[in-house]
């Protein structure tokens, strides 16, 4: 406003001039026009200045050149950045003016280049004839095509090619790369330009003739691979072109350990075998197998499939694949891990591994086949000696005790009775007993007894055989399972004659310390039954006869789905037997021997059923006293059956008096081990030990002085062996096997209830 008033006052000078004029009207008009002129000039100056300030503030770095006077005007904006920019440009302008006056155009060009004015820099580089830098500045300004052309003129073919590529001038770029001695990049550019034939030929020539380091060749292969990945280029490749180029690329990628890409290139190039081999290195066994199969290498494909399934733990599928490949050794190993002993044995046999085949046949229960195979093991073979031991076991299972003795004697001659061979010596003792060589049997049993006091039923057998030796066996005894010279068929015939035609014997099911069991048909009721006969001691001991009869009567008192039913009994001298329910299944002992540790859900299911049976037994006033895996049968569908009441104690039992140790050491309760009175809680202890074994796959007390350990030693919880066992199940097991009866479960119903409430997964 102050400036307007000043301009208005300035216009008074025409008034003073006009007052001197004679013509007053002219003077007034002159005065008015003068003032208007002054006012318009002032307004123009103000508007122009305001516009310039506004542009400076809005444009920042893009502000046009200004004078020093304008900087003072801008200072009032308090925008320090704008002021500094203006001052910087003013300084640049001043420096440029000085260099122009000095005609130092090289420094002038560098000044503009460093200041970020590529167009100005290019102009002055052109003036001094530095076209290379001119091209660089033109490229900076964004005109890359012009830059490429300048680089080409200057002979910088690689730079020219790069900028031609940016402008999609692929043909020009290819020519430039070719002049620059970059055949791989030239080939890539030719490919993008659509000149596929030229591109491929250059790639092929390079890989066939190059002497570059492998690292450079791999880089070239990568560039080529990128090129042929283009959909249009890939579609235009002929079969012949792929077969020529792809293997060359594959070899480079293979050397660079990029096996996956190499395998794909070998495959697309038609080398299926090489592709399969490379897929194996890449760990892609599925694709490897496909390639080998397409190549007609069926066996190799099957072998690869076997490796694939082996890595996944699919042992049965792995075995099948290895067998198809003719690799019967690995097939046998896979089937063994799949618990398919029969197929494992067949594969081992075809592989010429006779011992391993025999072992697998034995695990499958095919003892006759095992014997045939084991007899083929030659004396100079490393497995000959151990195969004699297995052969003896198979003969024993076939009840061919004479050959069992021969095989085991061959295996054990000259060897000491030690822990590692106890099983074989024990079996030899049993075979001696069965063949009537009681003195030899007793001698071996006593040696076993000195090594392990609690090994199996050695103590009982020593007592039994000693009694038999000291007492004369009555002539004409019906059952003498071990009678020398008697065949299995002869024995069955003599037994059948003693049954007076009611039962038809079919086969022997098993033998134990108390007698032998046969499968028979009840002719009257037309049903299968299991007939249990007492051995030769029936004529020697009244106590054994009473115990045998008591077993039948005890079991017959109870009707329960989880207890083997008793159909008939005969205690007549010379033909004492029990006719009982025939259960088609396997003992828990053999089941554990085959499977090892069970999953918690399966183990608990078995034990809950056993608890139900034992609960019914206890309600009848009976204590079983010999609960162990051998006395628990697993029928079809997983149904549990409790059997063998030979040591059962009734409330009025005269034969199970205190002070007599009876039972199986590894499972008997501490009170049983000490010969004290026992009750239902003893069975709870035993079932706890069985459950512990089911969960861990190991007998709790299997060695040393087992009876002493039962009394004094507390075993670790099952989870110490198997981390899949939940804490709640641990607690149940440990409560069952407390040393003091009052600290255990007090009845089977409570134990079964706690087991049922567990939430167990597989």
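Whenever a residue of the stretch 454-466 is more than 17 Å from residue 709 (Cβ to Cβ), its partners that are at pLDDT below 85 and buried (at least 20 other Cβ atoms within 10 Å of the Cβ), lying with C-beta atoms within less than 8 angstrom and at least six residues away or across chains, give the pairs 457/664; 464/537.
One line per residue, one yes/no per condition, for (1) more than 35 Å from the chain's Cα centre (by Cα); (2) at pLDDT 85 or above:
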position	(1), (2)
612	yes, yes
617	yes, yes
622	yes, no
633	no, yes
645	yes, no
648	yes, no
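Residue by residue through the stretch 321-338, note down the ones that are assigned to a helix (DSSP H, G or I) and within 18 Å of residue 357 (Cβ to Cβ). Don't jump to the end; show me each part of the working.
At the first step, the residues of the stretch 321-338 found to be assigned to a helix (DSSP H, G or I) are 321-324, 328-337.
If the condition is that a residue be assigned to a helix (DSSP H, G or I) and within 18 Å of residue 357 (Cβ to Cβ), then 322, 323, 328, 329, 330, 331, 332, 333, 334, 335, 336, 337 are the ones that fit.
Go through the stretch 95-113 residue by residue and tally those that are without any contact (Cβ under 8 Å) to a residue 24 or more places away in the chain, surrounded by fewer than 16 Cβ atoms within 10 Å (Cβ to Cβ) and assigned to a helix (DSSP H, G or I). Steps first, answer last, please.
Going through the stretch 95-113, the residues without any contact (Cβ under 8 Å) to a residue 24 or more places away in the chain turn out to be 95-105, 107-108, 110-112.
Subsequent filtering for residues that are surrounded by fewer than 16 Cβ atoms within 10 Å (Cβ to Cβ) retains 95, 97-98, 100-104, 107.
Still in the list and also assigned to a helix (DSSP H, G or I): 95, 97-98, 100-102, 107.
Adding up the residues that qualify gives 7.
Taking the conditions (1) over 30 Å from residue 149 (Cβ atoms); (2) crowded, with 18+ Cβ neighbours inside 10 Å; (3) not assigned by TED's automatic domain parsing to the domain that holds residue 304 in turn, residue 211 satisfies each one other than (2).
If we scan the stretch 467-475, do we find a residue that is at pLDDT 85 or above and either assigned to a loop (DSSP other than H, G, I, E, B) or in the same structural domain as residue 368 (by TED's automatic domain parsing) (or both)? Break it down into steps so the answer makes sense when it comes.
Of all residues in the stretch 467-475, those at pLDDT 85 or above come to none.
So far as the stretch 467-475 goes, no, none of its residues is at pLDDT 85 or above and either assigned to a loop (DSSP other than H, G, I, E, B) or in the same structural domain as residue 368 (by TED's automatic domain parsing) (or both).
Search the stretch 74-99 for residues being modelled with pLDDT of 80 or more and touching a helix residue (DSSP H, G or I) at 6+ places or on another chain (Cβ under 9 Å), and hand back the single one that is nearest to residue 51 (Cα to Cα). Ranking the qualifying residues of the stretch 74-99, first place goes to 95. Looking only at residues in the stretch 407-433 that are more than 44 Å from the chain's Cα centre (by Cα) and in contact (Cβ under 8 Å) with a residue 12 or more places away in the chain, the one that is farthest from residue 444 (Cα to Cα) is 410. Inside the stretch 283-306, residues that are part of a helix (DSSP H, G or I) and surrounded by fewer than 19 Cβ atoms within 10 Å (Cβ to Cβ) make up a count of 5.
Against the test of being in contact with a helix residue (DSSP H, G or I) (Cβ under 9 Å, 6 or more places away or on another chain) and closer than 15 Å to residue 393 by Cβ, the options 341, 325, 334 yield a single qualifying residue, 341.
The values are calculated or read from the model by the stated rules, or taken from the named source; none is laboratory data. Being a predicted model, the structure only gives us computed values, none of them experimental. Glycine gets a Cβ as well: all are built from the backbone with ideal geometry, and neighbour counts include every protein chain shown.
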